[in-house]
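Participant: Below is the structure I would like to discuss, written out as structure tokens.
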Amino acid sequence: MRWTLKPKPEAHKVEALKEALQVNTLVASLLIQRGIESYEEAKQFFRPSLDDLHDPYLMKDMTLAVERIKSALALKENILVYGDYDVDGTTAVALMSSYLRTRTASVATYIPDRYKEGYGISFEGIDFACDNDFSLVIALDCGIKAVDKIKYAKERGIDFIICDHHRPGEHIPEAIAVLDPKQNDCKYPYKELCGCGVGFKLVQALAEKEGKTMEDLIPYLDLVAIAIGADMVPITGENRIMAYVGLQVINSLPRVGIQALIAQIKKSELTITDVVFIIAPRINAAGRMKHGDHAVALLTETKYDLAAQYAAEIERFNLDRRDTDKQITEEALTQIEVLKEQSRYTTVVYNESWHKGVIGIVASRLTETYYRPTLVFTKSGDKLAASARSVSGFDVYNALEACSDYIEQFGGHKYAAGLTLREENYEAFKQTFEDVVSRTIDKHLLMPEIKIDAKIQLKEIDAKLWRIIKQFAPFGPGNMTPIFMTDDLIDTGYGRCVGDDKTHLRLTVTGANTDNHKFVAIGFGMGDKLEMVSTGQPFSTVYSIDENEWQGHLSLQLKLRDIKAQNNG
């Protein structure tokens with residue numbers, strides 16, 4: 001792995017913040033690296049407040065959206081809440097429909113079938129709205145590129161409000177209102193909302209007109225926090241505030257559907273990491289293995305007994321998903337080995353029988369294995385569909401745009417995207433994608449990077465530092481767990497491999513020279529490093545600080561990210 005030590009912040013800024021907050025140099029430096037340079041910014045960071053959310057009416061078309069919904073409510077029109085089948089989409093649909101049902105009974109939800117309709121707004125969905133007398137559709141986490149679909153809806157007398165956060169194409173759909181902070185002419189101050197976040201801003205704007213306060217909207221933030229974690233948007237600005245408060249809701253008084261999920265996993269206090277790796281995969285499993293409607297039903301249910309049944313059903317989908325993605329990952333790895341494509345700058349694999357619902361997960365696993373921009377294709381109707389994943393620092397969306405001659409449809413983000421193409425264009429696309437990436441990628445990006453916040457000594461780690469670091473949470477993109485580096489360490493002789501398969505490493509480290517502080521260090525999947533650290537020679541480590549509870553006793557430990565022999569730098 002490539003170790004990159006972040007530049008030290010300017011000394012005068014560190015001194016000024018130290019003085020303002022009465023903290024040490026290390027804490028002041030960590031804060032400045034996160035863009036926090038004043039007492040006021042630090043106060044907002046450590047005490048996230050809903051009062052600091054932006055005025056929703058700063059978003060382009062917000063007034064138009066609110067006025068159209070108010071008109072629909074006044075005239076008792078039927079409203080269809082439409083959303084994507086992933087976590088961001090299903091939580092957004094649950095949020096919007098839950099809120100609107102406090103105002104009218106004329107609300108229904110629609111999640112497109114991943115296999116029959118594909119991603120986003122579909123002609124089938126518009127026909128459903130028309131056939132069932134829905135005159136207004138609110139689309140969440142999709143729609144920004146649905147120019148032809150919105151035109152079709154207009155011809156059928158259906159109005160659309162689009163709430164999306166994906167990058168717009170060259171043309172914007174002619175909907176009644178298009179809420180997307182990534183539009184070039186949208187002046188909204190925060191650009192990194194997820195789809196559910198954009199939906200929440202619309203609810204906030206509606207509530208404001210109805211004389212409600214932010215306190216009234218807190219119960220909806222459990223859904224927003226889950227979407228923020230699952231969609232991997234930056235946990236900065238508004239996202240951090242909503243994730244922070246949303247986690248409090250999840251851990252104190254979540255909606256019954258989330259209660260039912262938590263009851264299955266038997267965990268007392270959930271972090272954003274638990275949301276990403278435990279809650280989100282279960283919600284996602286519905287759309288991957290069966291239908292996103294199941295997730296919406298769970299998240300909008302008000303009776304616990306029914307929610308528990310839905311949660312059990314979703315857990316079965318999740319177990320199926322695990323088995324399927326494990327099998328496909330093994331097949332994809334074999335395909336790469338057989339084709340001897342490890343030396344390419346990209347990983348592109350295809351099998352017509354692979355389950356469309358898990359190719360995104362498989363793409364992520366292949367990216368972890370080979371650390372290349374990755375595409376996993378399967379057959380979808382008469383076309384091929386793919387999920388794309390990228391490596392840190394490389395914009396796969398831009399790379400796909402450069403291959404658009406061969407693509408039918410695509411959309412997404414810098415690090416994750418989806419696309420469809422005709423089967424006859426697969427080989428030409430594959431080669432063009434390889435050519436584009438090989439020509440444009442910085443070769444350093446093909447080696448996984450660990451970004452290190454600070455180089456410290458073990459004696460700087462104490463309970464006070466840990467208390468402050470815990471207040472940096474919730475962690476995620478834009479606000480990652482602080483990572484430290486320490487040189488001149490040795491194992492005290494207790495190093496061993498642990499775990500059922502002995503693949504993990506447990507050490508007790510101390511300074512080789514003057515620093516005789518000792519810490520237990522755990523390295524998951526790092527059992528192969530035991531021989532190196534057992535020589536008695538000093539080594540360097542990169543790690544985060546963690547808390548370990550054993551028989552009721554709490555102690556600090558190091559969570560290892562990498563180890564290098566001292567002479568290897």
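The values are calculated or read from the model by the stated rules, or taken from the named source; none is laboratory data. Bear in mind that the values here come from a model prediction, so they are computed numbers and not experimental data. Virtual Cβ from ideal backbone geometry, glycine too; neighbours counted across all protein chains shown.
Participant: Does region 517-537 hold any residues that are among the polar types (S, T, N, Q) and free of Cβ contacts under 8 Å to residues at least 40 places away in the same chain, and which are they?
Facilitator: Passing the criteria: only Thr535.
Participant: Also: Considering region 218-233 alone, what residues qualify as being surrounded by fewer than 24 Cβ atoms within 10 Å (Cβ to Cβ), among the aliphatic types (A, V, I, L, M) and modelled with pLDDT of 95 or more?
Facilitator: Across region 218-233, the qualifying residue is only Ile218.
Participant: Can you confirm whether region 87-106 contains a residue that is under 28 Å from Gly246 (Cα atoms), part of a strand (DSSP E or B) and within 25 Å of the chain's Cα centre (by Cα)?
Facilitator: Checked region 87-106: no residue is under 28 Å from Gly246 (Cα atoms), part of a strand (DSSP E or B) and within 25 Å of the chain's Cα centre (by Cα).
Participant: Please count how many residues of region 257-268 are surrounded by fewer than 21 Cβ atoms within 10 Å (Cβ to Cβ) and either in a helix (DSSP H, G or I) or in contact with a Leu (Cβ under 9 Å, 6 or more places away or on another chain) (or both).
Facilitator: Total satisfying the criteria: 5.
Participant: Find all pairs meeting these conditions: Cβ atoms under 6 angstrom apart; at least six residues apart or on different chains; first residue within region 379-391 and touching a residue at least 24 places away in the same chain (Cβ under 8 Å) and surrounded by fewer than 21 Cβ atoms within 10 Å (Cβ to Cβ); second residue β-branched (Val, Ile, Thr) and assigned to a strand (DSSP E or B).
Facilitator: Cβ pairs passing all conditions: Lys383/Thr420.
Participant: A further question follows. What's the number of the only condition in (1) more than 19 Å from Lys529 (Cβ to Cβ); (2) modelled with pLDDT under 95 that Thr440 fails to meet?
Facilitator: With (1) more than 19 Å from Lys529 (Cβ to Cβ); (2) modelled with pLDDT under 95 applied to Thr440, the lone miss is (2).
Participant: Please specify each residue of region 154-190 satisfying the condition of being surrounded by fewer than 24 Cβ atoms within 10 Å (Cβ to Cβ), aliphatic (A, V, I, L, M) and touching an Asp or Glu at 6+ places or on another chain (Cβ under 6 Å).
Facilitator: Listed by number, the residues that qualify are Ile176, Ala177.
Participant: So, His171, is that one touching a strand residue (DSSP E or B) at 6+ places or on another chain (Cβ under 6 Å) and more than 23 Å from Ala297 (Cβ to Cβ) or not?
Facilitator: Criteria not met by His171.
Participant: Of everything in region 372-412, what is in contact with a helix residue (DSSP H, G or I) (Cβ under 6 Å, 6 or more places away or on another chain) and part of a loop (DSSP other than H, G, I, E, B)? Give them in sequence order.
Facilitator: Across region 372-412, the qualifying residues are Pro373, Ser390, Val391, Gly393, Phe394, Ala402, Cys403.
Participant: Report, ordered by the first and then the second residue, all pairs with beta carbons closer than 6 Å, sequence separation of six or more or different chains, a first member in region 220-242 that is at positive phi, and a second member that is at pLDDT 95 or above.
Facilitator: Gly237/Tyr190
Participant: Could you list, in sequence order, the residues of region 318-341 that are touching a residue at least 24 places away in the same chain (Cβ under 8 Å) and more than 26 Å from the chain's Cα centre (by Cα)?
Facilitator: Ile336
Participant: Do you know which residues across region 487-506 are in contact (Cβ under 8 Å) with a residue 40 or more places away in the chain and in contact with a helix residue (DSSP H, G or I) (Cβ under 6 Å, 6 or more places away or on another chain)?
Facilitator: If the condition is that a residue be in contact (Cβ under 8 Å) with a residue 40 or more places away in the chain and in contact with a helix residue (DSSP H, G or I) (Cβ under 6 Å, 6 or more places away or on another chain), then Asp491, Leu505 are the ones that fit.
Participant: Let me ask another. Would you check which residues across region 216-253 are more than 10 Å from the chain's Cα centre (by Cα), within 18 Å of Ile283 (Cα to Cα) and either of a type in the set (D, E, K, R) or assigned by TED's automatic domain parsing to the domain that holds Thr481 (or both) and list them?
Facilitator: Within region 216-253, Asp222 is the sole residue that qualifies.
Participant: I'd like to verify a number: residues in region 430-450 that are assigned to a helix (DSSP H, G or I), in contact (Cβ under 8 Å) with a residue 60 or more places away in the chain and not hydroxyl-bearing (Ser, Thr, Tyr), how many?
Facilitator: 6
Participant: Also, quick follow-up: Take the residues in region 128-153 that are surrounded by fewer than 14 Cβ atoms within 10 Å (Cβ to Cβ) and over 21 Å from Thr104 (Cβ atoms); name whichever of them is nearest to the chain's Cα centre (by Cα).
Facilitator: My answer is Asp148.
Participant: Between a residue in region 152-178 that is under 24 Å from Asp395 (Cβ atoms) and any residue that is charged (D, E, K, R) and assigned to a loop (DSSP other than H, G, I, E, B), which pairs come within a Cβ distance under 6 Å, given they are 6 or more apart or on different chains?
Facilitator: From residues that are under 24 Å from Asp395 (Cβ atoms), the pairs are Asp164/Asp180; Arg167/Lys182; Gly169/Lys145; Val178/Asp61.
Participant: Specify the residue that is farthest from the chain's Cα centre (by Cα); the eligible residues are those in region 269-289 that are assigned to a loop (DSSP other than H, G, I, E, B) and surrounded by fewer than 18 Cβ atoms within 10 Å (Cβ to Cβ).
Facilitator: Taking the candidates together, the pick is Glu269.
Participant: Ok, one more. Looking at region 342-360, I want the residues that are within 16 Å of Leu421 (Cα to Cα) and have a partner that is of a type in the set (Asp, Glu) and surrounded by fewer than 22 Cβ atoms within 10 Å (Cβ to Cβ) with Cβ atoms under 7 Å, at least 6 apart or on another chain. Which pairs are those?
Facilitator: Asn351/Glu331
Participant: If you don't mind, another one. Any residue at all in region 346-354 that's farther than 30 Å from Asp148 by Cβ, loosely packed, with under 14 Cβ neighbours inside 10 Å and in contact with a helix residue (DSSP H, G or I) (Cβ under 7 Å, 6 or more places away or on another chain)?
Facilitator: no
Participant: Please verify whether region 47-68 includes one or more residues that are crowded, with 16+ Cβ neighbours inside 10 Å, polar (S, T, N, Q) and more than 21 Å from Phe484 (Cα to Cα).
Facilitator: No, the conditions are met nowhere in region 47-68.
Participant: Now a separate question. Write out, first by first residue and then by second, each pair whose Cβ atoms fall under 6 Å of each other, whose residues are 6+ apart or on separate chains, and whose first residue, in region 185-214, is in the same structural domain as Arg240 (by TED's automatic domain parsing) while the second is surrounded by fewer than 18 Cβ atoms within 10 Å (Cβ to Cβ) and of a type in the set (A, V, I, L, M, F, W, C).
Facilitator: Correct list of pairs: Tyr188/Leu58; Met214/Leu50.
Participant: Turning to a different aspect of this structure: Output the residues belonging to region 114-151 that are basic (Lys, Arg) and either free of Cβ contacts under 8 Å to residues at least 40 places away in the same chain or touching a Cys at 6+ places or on another chain (Cβ under 9 Å) (or both).
Facilitator: Lys116, Lys149, Lys151
Participant: So, one more: So which strands (runs of 3 or more DSSP E) are wholly in region 451-529 and hold at least 2 residues that are of a type in the set (A, V, I, L, M) and either crowded, with 18+ Cβ neighbours inside 10 Å or touching a strand residue (DSSP E or B) at 6+ places or on another chain (Cβ under 6 Å) (or both)?
Facilitator: 484-491, 504-511, 518-523
Participant: With (1) within 30 Å of Ile563 (Cβ to Cβ); (2) aliphatic (A, V, I, L, M); (3) part of a loop (DSSP other than H, G, I, E, B); (4) without any contact (Cβ under 8 Å) to a residue 40 or more places away in the chain as the list, and Ile32 as the residue in question, which single condition is left unmet?
Facilitator: In the conditions (1) within 30 Å of Ile563 (Cβ to Cβ); (2) aliphatic (A, V, I, L, M); (3) part of a loop (DSSP other than H, G, I, E, B); (4) without any contact (Cβ under 8 Å) to a residue 40 or more places away in the chain, Ile32 misses (3) alone.
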